[in-house]
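Data block below; observations after.
The values are calculated or read from the model by the stated rules, or taken from the named source; none is laboratory data. All values derive from a computational prediction rather than experimental measurement. Cβ placement follows ideal geometry from the backbone for every residue including glycine, while neighbour counts extend to all protein chains displayed. For the accessible areas, the whole protein counts, side chains as well, though only heavy atoms, and no ligand, DNA or RNA atoms are used. Shrake-Rupley method; radii C 1.70, N 1.55, O 1.52, S 1.80 Å.
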Amino acid sequence: MSNPSLLILPGDGIGPEVMAEVRKIIDWYGAKRDVTFDVSEGLVGGCSYDAHGTPLTDETMDKAQSVDAVLLGAVGGPKYDSLDFSVKPERGLLRLRKEMDLYANLRPAQCFDALADFSSLKKDVVAGLDIMIVRELTSGIYFGEPRGIIKEGNERVGINTQRYTESEIARVARSAFELARKRGNKVCSMEKANVMESGILWRDVVTEVHQAEYPDVELSHMYADAGAMQLCRWPKQFDVIVTDNLFGDLLSDAAAMLTGSLGMLPSASLGAPMENGRPKALYEPVHGSAPDIAGQGKANPIACVLSFAMALRYSFDMGAEADRLEKAVEDVLADGLRTADLLGEEGATPVSTSEMGDAIVAKLDSSL
Ligand code: IPM
Ligand code: MG
């Protein structure tokens with residue numbers, strides 16, 4: 001059997017430095033676990049624009065379609081703010097999501113014991129938190145037509161369209177129910193059926209899929225604004241949350257912050273199974289490119305490392321190795337190692353991005 005293949009797209013800002021730490025872990029798997037990945041690297045976002053005048057070349061797009069999994073760092077930065085919308089760094093990422101048809105975006109928000117004090121919420125509200133947001137990623141207002149800025153009389157009008165087909169809702173609902181069965185067996189679906197027709201359809205379709213295929217899973221519905229409030233009030237009431245592209249973008253940032261730092265949270269974007277049975281997949285940290293701290297060794301590589309752990313689990317069927325890597329992360333945190341985003345505790349050991357990566361590798365070593 002051929003080696004599993006990975007395309008690495010470090011991107012902009014802190015992307016390359018956090019990805020460098022993941023490379024150490026990939027190398028460790030080759031050296032110590034006899035799992036060799038065929039790794040290729042490419043450009044996405046602003047760096048691709050600088051080199052090629054586009055945030056994603058067709059060659060890189062084709063490569064992404066042909067590998068077993070894509071690992072992405074982050075895209076964007078103030079340097080690119082004035083670029084035309086069509087070539088902004090984010091367009092590269094959105095093209096990958098759309099053309100690979102990565103409709104289910106899994107964003108786990110887990111509170112590590114060692115970090116419960118970092119949350120802006122009280123410790124007992126977040127300690128032990130383990131929720132999974134499943135965000136629809138290839139449709140909705142991010143991609144709906146018509147869109148644009150048009151002229152109407154003397155003024156400009158900005159237009160975006162929220163649009164969901166039944167099948168788009170049904171497939172992401174299935175992803176959420178499947179995940180729930182392997183976790184706490186509960187799904188909460190969030191929309192705004194009180195003001196949006198697309199929300200009414202969303203609620204109907206999720207309910208239909210539930211009744212027909214997943215009656216064993218507990219399903220509830222919430223308006224997305226109330227959901228945001230409940231996430232801050234008592235997040236542990238949730239297991240899996242399924243929601244649309246835009247609400248999922250907002251709710252997942254809020255959920256991420258419950259856990260103490262955006263620098264901790266991974267994500268997996270999954271599509272339909274390929275010929276080899278693996279889902280089309282892209283893994284990336286939830287955090288952005290953090291241009292203000294880029295290149296200073298301050299970035300927390302854990303979100304990117306945990307994204308690779310999700311790749312082990314969801315693309316390569318290596319759940320035990322994913323557990324091993326997640327445990328290594330938990331152990332370095334328990335030892336008090338903290339990157340700059342997590343400083344402030346007494347007795348913590350401040351470490352740089354690469355020292356954090358090295359410490360995780362050392363924990364992997366001692367796990368053998
Ligand atoms: C995210 C980001 C992206 C999004 C941006 C970078 C296009 O905020 O992945 O949550 O809005 O989806
Ligand atoms: Mg976002």
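Accessible surface of the chain, 1.4 Å probe: 50 percent of it comes from carbon and sulfur atoms. The distance separating the Cα centre of segment 164-197 from that of segment 239-271 comes to 15 Å. Histogrammed with a bin width of 20 Å, the alpha carbon distances of the chain distribute as 29, 60, 11, 0 percent, first bin at zero. Across the options Val87, Gly158, Gly42, the greatest Cα extent toward the positive end of the charge dipole of the chain (unit charges at beta carbon of Lys, Arg, Asp, Glu) belongs to Gly158. Sorting the segments 215-224, 350-359 by their mean number of nearby beta carbons within 10 angstrom, highest to lowest, gives 350-359, 215-224. Over segment 249-368, the fraction of Cα-Cα pairs per 10 Å bin, rounded to whole percents and listed from the shortest bin up, is 13, 40, 34, 11, 1, 0. Amide H to amide H distances under 5 Å link Arg338 with Thr349, Val351, where only residues 5 or more positions off or on other chains count and H is placed in the peptide plane. Packing, taken as the mean count of other beta carbons within 10 Å per residue, orders the peptides 172-179, 19-26, 113-120, 157-164 from highest to lowest as 172-179, 19-26, 113-120, 157-164. Sequence-ordered 3J(HN,Hα) estimates for segment 68-75 from the Karplus curve with 6.51, -1.76 and 1.60 and θ = phi - 60° stand at 6, 7, 10, 10, 10, x, 6, 10 Hz, glycine and proline given as x. Residues whose amide H lies under 5 Å from that of Thr54, counting only those 5 or more places away or on a different chain, are Tyr49; hydrogens are built 1.01 Å from N in the peptide plane.
Quick check for me: using +1 on Lys/Arg Cβ and -1 on Asp/Glu Cβ, what's the dipole size of segment 1-105 about its Cα centre, in debye to the nearest 20?
Around 220 debye, computed over segment 1-105.
Net charge dipole, segment 130-258: roughly 280 debye, given to the nearest 20, about the Cα centre with Cβ charges of +1 for Lys and Arg and -1 for Asp and Glu.
Based on Cβ point charges of +1 for Lys and Arg and -1 for Asp and Glu, what charge dipole magnitude is obtained for the chain about its Cα centre, in debye rounded to the nearest 20?
Roughly 320 debye for the chain.
Of Ile200, Ile133, the order by accessible heavy-atom surface (1.4 Å probe, DNA, RNA and ligands excluded), from most exposed downward, is Ile200, Ile133. Amide H contacts for Gly260 (H built 1.01 Å from N in the peptide plane; partners 5 or more residues away or on another chain; cut-off under 5 Å): Ser120. The residues neighbouring His52, those whose beta-carbon lies less than 11 Å from its own, together hold a net charge of -3 under the Lys/Arg +1, Asp/Glu -1 convention. Measuring spread by the Cα atoms of segment 130-258 yields a radius of gyration and Dmax of 15.7, 56 Å.
Working note: Karplus 6.51/-1.76/1.60 with θ = phi - 60° gives segment 106-118 the couplings 8, 10, x, 10, 10, 9, 6, 3, 5, 10, 4, 6, 7 Hz, where Gly and Pro are set to x. Bridgeable lysines around Lys123 (alpha carbons under 28 Å apart, same-chain partners fewer than 8 residues away excluded): Lys182, Lys186, Lys236, Lys298, Lys327, Lys363. Here the Karplus curve 6.51 cos²θ - 1.76 cosθ + 1.60, taken at θ = phi - 60°, turns the phi angles of segment 76-83 into couplings of x, x, x, 4, 9, 4, 8, 5 Hz, with x standing for Gly and Pro.
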